[in-house]
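Peer 1: Before I ask anything, here is the structure I am working with.
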Amino acid sequence: MTDFAELNLAAPILRALADEKYTVPTPIQAQAIPHALAGRDILGLAQTGTGKTAAFALPILHRLADAGRRPDPKTCRALILSPTRELASQIAESFRAYGRHQHMSIATVFGGVSFRPQAERLKRGVDILVATPGRLIDHLDQGTLILDKVEILVLDEADQMLDMGFVHAIRRIAKVLPKKRQSLFFSATMPRAIGQLAGELLHEPVEVAVTPVASTVKKIDQQVIFVETARKRHVLVELLREEGSGRTLIFTRTKHGANHVAEHLEANGIPAGAIHGNKSQGQRERALAGFRDGSVKVLVATDIAARGIDVDDVTHVINFDLPNVAESYVHRIGRTARAGASGIAISFCDGEERPFLRAIESLIREKIATTDRRLPPGSPMPRPAVSERPAQPHPKGRSNRQPPRGPGKSAEFRGDGAGAAAGPRAHAPGKRPQPAGRGAAPHANGPAAAAQKPARFNRQKPGSSPR
Ligand code: AMP
């Protein structure tokens, strides 16, 4: 696949892609779009950063425009379910950007903001509705939304939805959807529970799976610093004060932890925002906006809040606490080195966290290098290799993401399947989908060899945590 024109997308969509300066489809787009345009259900194994939003947004915009209908009052024609409000907003922005030359109505529905304006908006009906499951159910219960006209359903970040306990909400929503519909299902991982849910929602899906190319993988310089808990904040301040820190995302395991770290940094003269589930929508948006526009270089986040944050040019990811689920590590460090840039991931590890570190190293099949923090004060923070992408405002105004440019990026976004772990596979009619990507090891950071084994399906069960 060399360019978007070969995908037979409608002219207004091609114009929008040209505005975005997208030249070639990413592997997930090249694989998924033809099947989605043909009306097939899709089971996609792809992480954020692979271009999966456009992989479902472009065919939806094409198909809805083709049908030429308008939405009935209180209904939507395409329903996109997202685990978090941040991701829902970003998906809606992507639809607006890719659909800017069409007349599609796009709305979002999520918690943390007033219900009434959403209900008012739904009264007229919308073409594309992006929603989090909880608030969507509220609208169904209040009768402000009816889902019997949905033509296309998208479940994005399905694994995260399950982690967040949305499985019952999803099943309830599925019950009131028309049986005859197209369903597109995306997940970064494919544990058994996801395969099962996909089996319930999808009809003879085509499976597509991609893993970021090895060049991206190599661009994350991973390090671990063994430091006792009491000294973590001190070491963090030292690290951040040192020259070379760019846009830094810090992960803590708890919401309180995130607050404490952000407060400690502020107290030490390092402006920092915090983003987690206890923050109001307004607070989250302000923190994200500051991080995006560069006025706040440091953002402290919990895993769930950070999921779906789409900010490019994150130069450093710091795991203030190691995650107790090894896969979260892969998600966290995937926040840096996006779209061809390089990045550094530094993890603090205290004595009690060593079992987590071992679990991570076994998942990624790689030993993470140790950095000695008894270095003399003032030793420079490791710098990422020269970024190929200077920070510039994004044309959509949502971040400074840019289309890949230069040889590094064109390699990454090469649509020749270089990043594809597995090509599309159609299911035999009536056959239940197997967990996608079996053997595809779609994780973001393992060495190429790691990509041979389905390491990320070895999810740690709740309760089996070493702590
Ligand atoms: P996503 O995985 O949907 O979060 O997309 C990751 C990033 O890639 C976003 O910043 C998109 O704007 C960008 N992107 C998506 N598709 C393309 C493409 N074909 N060419 C260049 N950039 C893209």
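Peer 1: Taking interchain pairs and intrachain pairs at least six residues apart, which have beta carbon atoms under 9 angstrom, with the first residue in segment 80-96 and of a type in the set (A, V, I, L, M, F, W, C) and the second within 12 Å of the ligand (Cβ to nearest atom) and at pLDDT below 90?
Peer 2: Every condition considered, the pairs that remain are LEU87/THR48; LEU87/ARG307; LEU87/GLY308; LEU87/ILE309; LEU87/ASP310; ALA88/GLY308; ILE91/GLY308.
Peer 1: Would a scan of segment 71-79 turn up a residue that is open to solvent by 20 Å² or more (accessible area, probe 1.4 Å) and within 16 Å of the ligand (Cβ to nearest atom)?
Peer 2: no
Peer 1: If you take the residues in segment 77-122 that are of a type in the set (S, T, N, Q) and not in a helix (DSSP H, G or I), which one is nearest to ILE42 (Cα to Cα)?
Peer 2: So the first thing to find is which residues in segment 77-122 are of a type in the set (S, T, N, Q), and the list is 82, 84, 89-90, 94, 102, 105, 108, 114, 118.
If we keep only those that are not in a helix (DSSP H, G or I) as well, we get 82, 84, 102, 105, 108, 114.
Values: SER82: 16, THR84: 22, GLN102: 25, SER105: 24, THR108: 23, SER114: 34 Å.
Top of the filtered list is SER82.
Peer 1: Tell me the residue from VAL176, VAL154, VAL210 that is over 19 Å from ARG85 (Cβ atoms), open to solvent by less than 50 Å² (accessible area, probe 1.4 Å) and aliphatic (A, V, I, L, M), please.
Peer 2: Details: VAL176 fails: open to solvent by less than 50 Å² (accessible area, probe 1.4 Å); VAL154 fails: over 19 Å from ARG85 (Cβ atoms).
Only one candidate qualifies: VAL210.
Peer 1: Listed residues LEU81, LEU45; which is assigned by TED's automatic domain parsing to the domain that holds LEU197, in contact with a Leu (Cβ under 6 Å, 6 or more places away or on another chain) and under 29 Å from ILE304 (Cα atoms)?
Peer 2: On the way: LEU45 fails: in contact with a Leu (Cβ under 6 Å, 6 or more places away or on another chain).
Of the residues listed, the single one that is assigned by TED's automatic domain parsing to the domain that holds LEU197, in contact with a Leu (Cβ under 6 Å, 6 or more places away or on another chain) and under 29 Å from ILE304 (Cα atoms) is LEU81.
Peer 1: Separate question: Sort out which residues of segment 7-28 are assigned to a helix (DSSP H, G or I) and within 24 Å of SER187 (Cβ to Cβ), and write them in order of number.
Peer 2: Let us first name the residues in segment 7-28 that are assigned to a helix (DSSP H, G or I), namely 7, 11-20, 27-28.
The answer is LEU7, PRO27, ILE28.
Peer 1: Can you go through LEU239, LEU202, LEU249 and tell me which one is closer than 30 Å to ALA38 by Cβ and either crowded, with 16+ Cβ neighbours inside 10 Å or in contact (Cβ under 8 Å) with a residue 24 or more places away in the chain (or both)?
Peer 2: Unique residue meeting the criteria: LEU202.
Peer 1: Shifting gears a bit: Within segment 21-30, track down each residue that is over 16 Å from GLY49 (Cβ atoms) and either away from the ligand (no atom under 12 Å from the Cβ) or open to solvent by less than 10 Å² (accessible area, probe 1.4 Å) (or both).
Peer 2: none
Peer 1: Restricting attention to segment 45-59, does a residue exist that is surrounded by fewer than 24 Cβ atoms within 10 Å (Cβ to Cβ), more than 19 Å from the chain's Cα centre (by Cα), more than 28 Å from GLY277 (Cβ to Cβ) and not acidic (Asp, Glu)?
Peer 2: No, every residue in segment 45-59 fails to be surrounded by fewer than 24 Cβ atoms within 10 Å (Cβ to Cβ), more than 19 Å from the chain's Cα centre (by Cα), more than 28 Å from GLY277 (Cβ to Cβ) and not acidic (Asp, Glu).
Peer 1: Can you name the residue in segment 20-41 that is over 20 Å from the mean Cα position of the chain (by Cα) and at pLDDT below 95 and, of all such residues, is nearest to ASP156 (Cα to Cα)?
Peer 2: My answer is VAL24.
Peer 1: Can I ask one more? How many of the residues making up segment 41-66 are within 23 Å of VAL126 (Cα to Cα) and either within 16 Å of the ligand (Cβ to nearest atom) or out of contact with any Lys or Arg (no Cβ under 8 Å at 6 or more places or on another chain) (or both)?
Peer 2: Narrowing segment 41-66 to residues within 23 Å of VAL126 (Cα to Cα): 41, 52-66.
If we keep only those that are either within 16 Å of the ligand (Cβ to nearest atom) or out of contact with any Lys or Arg (no Cβ under 8 Å at 6 or more places or on another chain) (or both) too, we end up with 41, 52-63, 65-66.
So the answer is 15.
Peer 1: Could you please let me know if ARG63 is open to solvent by 10 Å² or more (accessible area, probe 1.4 Å), basic (Lys, Arg) and in a helix (DSSP H, G or I)? Even if it seems obvious, please write down each step before you answer.
Peer 2: Values: open to solvent by 10 Å² or more (accessible area, probe 1.4 Å): yes; basic (Lys, Arg): yes; in a helix (DSSP H, G or I): yes.
It is true that ARG63 is open to solvent by 10 Å² or more (accessible area, probe 1.4 Å), basic (Lys, Arg) and in a helix (DSSP H, G or I).
Peer 1: Okay, next question. Among (1) crowded, with 21+ Cβ neighbours inside 10 Å; (2) within 12 Å of the ligand (Cβ to nearest atom), there is one condition ARG85 misses while meeting the rest; what is its number?
Peer 2: Only one criterion in (1) crowded, with 21+ Cβ neighbours inside 10 Å; (2) within 12 Å of the ligand (Cβ to nearest atom) is unmet by ARG85, namely (2).
The values are calculated or read from the model by the stated rules, or taken from the named source; none is laboratory data. What you are looking at is a predicted structure, and each value in this text was computed from that prediction instead of being measured. As a convention, Cβ positions derive from the backbone with ideal geometry for all residues, glycine included, and neighbour counts pool all protein chains shown. Protein only, heavy atoms only, side chains kept; ligands, DNA and RNA dropped before computing areas. Shrake-Rupley method; radii C 1.70, N 1.55, O 1.52, S 1.80 Å.
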